[in-house]
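Below: one structure, written as structure tokens.
The values are calculated or read from the model by the stated rules, or taken from the named source; none is laboratory data. The shown structure was predicted, so the numbers you read here are calculated from the model rather than taken from an experiment. With ideal geometry, Cβ positions are generated from the backbone for all residues, glycine too; neighbour counts draw on all protein chains shown. Remember, those area values only see protein heavy atoms, side chains included, never the ligands or the DNA or RNA. Shrake-Rupley method; radii C 1.70, N 1.55, O 1.52, S 1.80 Å.
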Amino acid sequence: MHFGVESAYGIIEQRRAQPAAHNDLLDMLLNASDDNGELMSDKQIRDEVITIFTAGHETTANLLTWTLYLLARHPDVLAKLRQELDTLLHGKIPTAEDLQQFVYTRAVLNESMRLRPPVGIMMRKIIKDTEINGYSLKQGRLAMFSIYNIHHHPDFWQQPERFDPERFLSDENRRFSFMPFGTGERVCIGNHFALLESQLLLSMIAQHFDLQLLDTDEAEIEMAVTLKPKGGVPAKLVVRSRHH
């Protein structure tokens, strides 16, 4: 992390010394001001950059890893996904209009986040003394809750261990049973960006490549805060063969 912090400071310093329009996130941060018109300090910008990088890199990488792994183990789901992508895109890079039509692609990503949520555990600070089912939660302490367990709870999901994107094709309200980005006032600020980049990446990879798993055993889960496959997913990426 030390290298990341110093690198961020170096880029910020370079941008301030040679201001130019780059039309990127750092430009937005450098020009952002509060209600009094004050700009952010280098430290504030550094914190924002590091947060975006760390929170938005590993979680999306985990999501795509689990999604590609699950698709490789469920060729019927992969076939439906490709049918949507081939019909809409014909091998091209998706546009913003195309993304609006990615119904099954979004369902695949949602089901992947349900079965293997990129963040499996969250914490919240208790703002007032509370009691839940006889358990006392004291003000100022931290409460941990398992998104992974909620996503696998049979009271909320039929056949919870089954990878079935079809369950996300309905309009059912799942606000408190499906929360890969948390919920409430502290919901992840990057949720829309994460879904956007995940749809773009998945659509491009699935159109052009096949993932061949090199280990037939089920990938073991490793969970700290993020949820990732222990030891990674040994696989070979090969150019997709097309018969149409």
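So that you can scan it fast, the table gives a plain yes or no per residue for (1) closer than 24 Å to Ala194 by Cα; (2) open to solvent by less than 80 Å² (accessible area, probe 1.4 Å):
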residue	(1), (2)
Arg15	no, yes
Gln18	no, no
Ala21	no, no
Leu29	yes, yes
Lys80	yes, no
Leu88	yes, yes
Thr95	yes, yes
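If we keep just the residues of the range 232-242 that are open to solvent by less than 80 Å² (accessible area, probe 1.4 Å) and at pLDDT 90 or above, which is farthest from Thr67 (Cα to Cα)?
Val238
State whether one or more residues within the range 41-57 are touching a helix residue (DSSP H, G or I) at 6+ places or on another chain (Cβ under 8 Å), among the aliphatic types (A, V, I, L, M), part of a helix (DSSP H, G or I) and at pLDDT 90 or above.
No: zero hits.
In the set Arg162, Arg167, which member is in a loop (DSSP other than H, G, I, E, B), within 23 Å of Ala206 (Cβ to Cβ) and of a type outside the set (A, V, I, L, M, F, W, C)?
Arg162
Tell me which of these Phe178 doesn't satisfy, since it passes every other one: (1) exposed (fewer than 11 other Cβ atoms within 10 Å of the Cβ); (2) of a type in the set (A, V, I, L, M, F, W, C); (3) under 23 Å from Tyr104 (Cα atoms); (4) within 20 Å of the chain's Cα centre (by Cα).
(1)
Before we move on, is Glu6 under 30 Å from Leu115 (Cβ atoms) and either outside any loop (DSSP other than H, G, I, E, B) or without any contact (Cβ under 8 Å) to a residue 12 or more places away in the chain (or both)?
no
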